[in-house]
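See below for the structure under consideration.
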Amino acid sequence: MKYHCIGIGSGPSNLSVASLLHGQHDIKSIFFEQKPAFSWHDGMMIPGAGLQVSLFKDLVTLADPTNRFSFVSYLHQHGRLLQFLNARFDQVSRLEFRDYLKWAAENNANICFGERVLEVDFDGGAFVVQTTKRRVLGDNVVVGVGIVPDVPDFARACLNDSTHFHVNEFAAKAGVTAGKRVLVIGGGQSGAEVVLEMLRRGGGQAPAALSWLSRRENYFPLDDSPFTNDLYTPTHSNYFYEQDEGFRRAFIKRNLLSSDGISECTLRSIYQQIYSLRFIERAPIEISLLPFREVRAITQDGERWSIAASHLGANKPETLAADVVIWASGFKPAPTPFLQPLRERLELEGEEIAVDRDYAALGKLPRNRSLFILNGIRQQRGLADPNLSLTAWRSQIVIQRMLDVPRVAHLDAAFVSWAPLAAARATSRQPRREWA
Ligand SMILES: Cc1cc2nc3c(=O)[nH]c(=O)nc-3n(C[C@H](O)[C@H](O)[C@H](O)COP(=O)(O)OP(=O)(O)OC[C@H]3O[C@@H](n4cnc5c(N)ncnc54)[C@H](O)[C@@H]3O)c2cc1C
């Protein structure tokens with residue numbers, strides 16, 4: 001069977017492409033998802049957790065506001081649009097957004113669950129995609145395999161099921177922290193959410209002691225102000241893409257908190273909960289907040305974990321003890337071993353597959369046969385690449401390239417002139433890298 005578009009992975013990135021292609025009968029598409037049924041970071045579905053982007057940054061709205069797979073359409077179809085408006089939530093619940101994504105996936109017959117892609121090759125005319133169930137041919141392949149937990153090498157070897165795990169598994173293992181001395185490592189949103197969840201537990205479910213260690217100098221908020229959010233626009237993404245590698249690396253470092261900081265409402269809830277536990281309820285839980293520390297080693301000491309850390313300000317060693325250690329140390333791009341047969345054809349930029357402005361891999365492939373990379377190219381496309389902000393816009397670019405139609409540029413106008421004024425025009429004529 002030959003397809004115009006074969007998607008690998010069906011998380012939000014490819015689900016967006018699939019949703020925009022749905023109903024376009026002249027484009028034959030198929031999307032393979034290794035999981036048996038839809039899920040979206042289910043190991044971290046903590047009640048009360050909210051989406052960190054606007055509801056309009058759903059699968060389709062920024063590209064096609066009238067598409068049947070919008071979040072508003074989901075609310076309408078489920079008979080709760082008015083109640084949603086009346087509730088005036090500050091954030092969309094992550095559980096509800098997950099349900100929306102699941103609804104979009106389950107109403108799209110082009111998505112195949114329980115089918116992992118094992119290998120992608122190119123036979124000179126088409127991509128050859130081997131899954132766990134079949135072999136198919138495609139003109140274009142869209143890789144959207146997302147992210148996997150990131151734990152330092154020294155800790156990975158001694159992870160286990162019950163007392164030492166990544167935060168990605170918290171929902172299933174939350175019960176093991178009751179009455180225990182717990183250490184959470186990582187000062188981003190995931191770490192904050194599990195700390196808050198444990199602080200909110202009452203009676204026998206609460207930990208005996210809770211320590212929260214972060215490499216950052218403080219528990220810093222996500223900057224959600226308008227001009228910072230302008231970094232998550234097509235204009236900025238295109239400007240970022242045109243810059244040299246050194247600038248891009250430094251930019252990401254300088255502006256990391258605009259995506260990796262903690263939502264202000266989560267920070268306030270944690271602070272208020274500690275206040276309440278300490279001064280109002282006088283709860284026996286022992287709470288230690290330990291910013292500006294880095295964990296250097298972890299060893300098992302009988303039933304306990306011994307953690308060697310360093311205070312980064314004083315450069316002094318510290319030793320901590322815990323019954324349960326939870327790494328909230330972030331995520332990294334998922335590996336792509338299935339691309340091995342194509343490696344010789346593909347250009348790299350650092351550890352990433354190099355892409356052109358249309359997210360198509362650069363290398364020895366014809367222009368009308370593209371391998372698109374979604375959410376695996378943060379060093380080239382900037383901070384928005386791994387999150388939901390530009391998902392629909394990016395999908396539209398990919399689809400326009402597949403169809404070989406001109407770009408629709410209605411989202412490209414921004415308030416801020418990110419590029420130098422004189423260079424802005426020159427840049428649009430002469431991109432840093434020519435389209436393939
Ligand atoms: C807890 C959590 C909360 C988040 N909240 C937000 C938020 O509020 N706002 C925001 O903008 N971003 C958020 N993010 C960022 C997150 O990366 C994006 O929301 C989104 O999940 C990215 O979608 P994706 O499709 O690129 O990757 P993923 O969601 O990781 O999906 C990739 C899919 O590919 C599948 N796959 C992998 N390999 C194969 C293969 N060989 N064959 C077939 N299938 C394969 C995987 O099973 C997976 O389902 C959050 C991340 C986490 C961890």
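The values are calculated or read from the model by the stated rules, or taken from the named source; none is laboratory data. This one's a predicted model, so the numbers in the text were calculated from it and none came from an experiment. As a convention, Cβ positions derive from the backbone with ideal geometry for all residues, glycine included, and neighbour counts pool all protein chains shown. These area figures cover heavy atoms from the full protein model, side chains too; ligands, DNA and RNA do not enter into them. Shrake-Rupley method; radii C 1.70, N 1.55, O 1.52, S 1.80 Å.
Put +1 on the Cβ of every Lys and Arg and -1 on every Asp and Glu Cβ in the chain; which of Pro337, Ile262, Trp418 then has its Cα farthest towards the positive end of the dipole?
Trp418
Would you mind checking which residues have amide H under 5 Å from Ser211's amide H? H placed 1.01 Å from N; only 5 or more apart, or other chain.
HN-HN under 5 Å from Ser211: Val182, Leu183, Val184, Ser288.
As an exercise, use a Förster radius of 30 Å and the Cβ-Cβ distance of Leu289 and His78 to find the FRET efficiency, rounded to the nearest 0.05.
Details: r = 40 Å, r/R0 = 1.35.
The value I calculate is 0.15.
About the Cα centre of the chain, what is the dipole size in debye to 20, counting +1 per Lys and Arg Cβ and -1 per Asp and Glu Cβ, all else neutral?
Numbers: 49 positive and 47 negative charges, 28 e Å.
My answer is approximately 140 debye.
May I ask you to give the average projected area over all directions of the convex hull of the Cα atoms of the stretch 154-228, in nm² rounded to one decimal? Mind dumping the intermediate values first?
Values: hull surface 25.9 nm².
For the stretch 154-228, the mean projected area of the Cα convex hull comes to 6.5 nm².
Give the residue from Ala105, Val145, Gly124 lying farthest towards the positive end of the charge dipole for the stretch 96-168; charges sit on Cβ (+1 for Lys and Arg, -1 for Asp and Glu) and the dipole is referred to the Cα centre.
My answer, from the dipole projection, is Ala105.
Describe numerically, in nm with one decimal, the distance between label points set 7 Å from Cα along Cα→Cβ at Leu159 and at Leu257.
That separation, rounded to one decimal, is 2.9 nm.
What order do you get for 95-107, 41-53 when each peptide is scored by the mean count of other beta carbon atoms within 10 Å, highest first?
Working: 95-107: 19.4, 41-53: 17.5.
Those peptides, ordered most packed to least, come out 95-107, 41-53.
If you average over every viewing direction, what projected area does the convex hull of the Cα atoms of the stretch 48-130 give, in nm²? Display every interim value, and only then the final one.
Working: hull surface 32.0 nm².
The orientation-averaged projected area of the Cα hull of the stretch 48-130 comes to 8.0 nm².
Rule-of-thumb check for the stretch 1-85: C-alpha Rg over 2.2 N^0.38 Å? Each step should come with its number before you reach the end.
On the way: Rg = 14.8 Å, N = 85, 2.2 N^0.38 = 11.9 Å.
Taking N as the residue count of the stretch 1-85, the ratio is 1.24.
Excluding ligands, DNA and RNA, what is the solvent-accessible area per residue of the chain at a probe of 1.4 Å, expressed in Å²?
Details: 20680 Å² over 436 residues.
Per-residue accessible area for the chain comes out at 47 Å².
Cα atoms only: what Rg and Dmax, in Å, come out for the stretch 282-422?
Answer for the stretch 282-422, Rg first and Dmax second: 23.1, 68 Å.
With the Cα gyration tensor of the stretch 78-178 giving a ≥ b ≥ c as the square roots of its eigenvalues, does the rule (a/c under 1.5 for rounded; else a/b larger than b/c for prolate; else oblate) give rounded, prolate or oblate? Walk me through the numbers on the way to the answer.
Details: a/c = 2.81, a/b = 1.17, b/c = 2.39.
Note, shape of the stretch 78-178 comes out oblate.
Pop the C-beta distance of Ala37 and Glu318 into the FRET formula with R0 = 51 Å and round what comes out to the nearest 0.05.
Efficiency at R0 = 51 Å is approximately 0.70.
Run the accessible area of the stretch 200-341 with a 1.4 Å probe and give the carbon-and-sulfur part as a rounded percent. Numbers along the way, then the final one.
Values: 3980 of 7690 Å².
Carbon with sulfur: 52 percent of the solvent-accessible area.
Helix 264-275: angle to the longest alpha-carbon principal axis of the chain, degrees 0 to 90, nearest 10?
In the chain, helix 264-275 runs at an angle near 10 degrees to the longest axis.
Using the alpha-carbon atoms, what tilt in degrees (0 to 90, nearest 10) does helix 12-21 show relative to the longest principal axis of the chain?
Once rounded, the angle reads 30 degrees.
What percentage of the solvent-accessible surface of the stretch 1-134, computed with a 1.4 Å probe over protein heavy atoms, is contributed by carbon and sulfur atoms? Walk me through the numbers on the way to the answer.
Values: 3210 of 6160 Å².
Answer for the stretch 1-134 is 52 percent, counting heavy atoms of protein chains only.
Tally Lys and Arg at +1 and Asp and Glu at -1 over the other residues with C-beta under 14 Å from the C-beta of Ala334: what net charge comes out? Write out the running numbers ahead of the final one.
Details: positive: Lys35, Arg116, Lys332, Arg378; negative: Glu33, Asp150, Glu351, Glu352, Asp385.
That sum, taken over residues with Cβ under 14 Å, equals -1.
Kindly provide the helix-only [θ] at 222 nm of the chain, computed as the sum of -39,500 (n - 2.57) over DSSP H runs of four or more divided by all residues, to the nearest 500 deg cm²/dmol? Mind showing how you got there, number by number?
Working: 15 runs with 122 residues, N = 436.
About -7500 deg cm²/dmol.
Residue by residue, what Karplus-based ³J(HN,Hα) values in Hz, rounded to whole numbers, does the stretch 217-222 have, using 6.51, -1.76 and 1.60 with θ = phi - 60° and x for Gly and Pro?
Calculated HN-Hα couplings, in order: 5, 8, 8, 8, x, 6 Hz.
Determine the sum of side-chain charges near Ser263: Lys and Arg each +1, Asp and Glu each -1, restricted to other residues whose C-beta is under 13 angstrom from that of Ser263. Show your work: numbers first, answer last.
Working: positive: Arg94, Arg268; negative: Asp90, Glu193, Asp223, Asp224, Asp260, Glu264.
Residues close to Ser263 contribute a combined charge of -4.
For the chain, what log10 I(q)/I(0) values come out of the Debye formula at q = 0.07 1/Å, with one point per alpha carbon and no solvent?
Debye intensities relative to I(0), on a log10 scale: -0.38.
Pairs of alpha-carbon atoms within less than 8 angstrom and 6+ residues apart define the contacts here; what relative contact order does the stretch 22-97 have, in percent?
39 percent
Listed here are the pairs Lys35/Lys364; Lys173/Lys253; Lys28/Lys102; Lys102/Lys364; Lys102/Lys173; which of them are more than 29 Å apart at the Cα?
Numbers: Lys35/Lys364 32 Å; Lys173/Lys253 33 Å; Lys28/Lys102 22 Å; Lys102/Lys364 36 Å; Lys102/Lys173 23 Å.
Pairs exceeding 29 Å: Lys35/Lys364; Lys173/Lys253; Lys102/Lys364.
Counting only C-alpha contacts under 8 Å and six or more residues apart, can you give the relative contact order of the chain as a whole percent?
Relative CO of the chain lands at 21 percent.
When only Cα pairs under 8 Å and 6 or more residues apart are kept, what is the percent relative contact order across the stretch 83-213? Each step should come with its number before you reach the end.
Numbers: 107 pairs, mean separation 17.9, N = 131.
Computed over the stretch 83-213, the figure is 14 percent.
With the Cα gyration tensor of the stretch 108-151 in hand, convert its eigenvalues to equivalent ellipsoid semi-axes via √(5λ) and list them largest first in whole Å.
21, 15, 11
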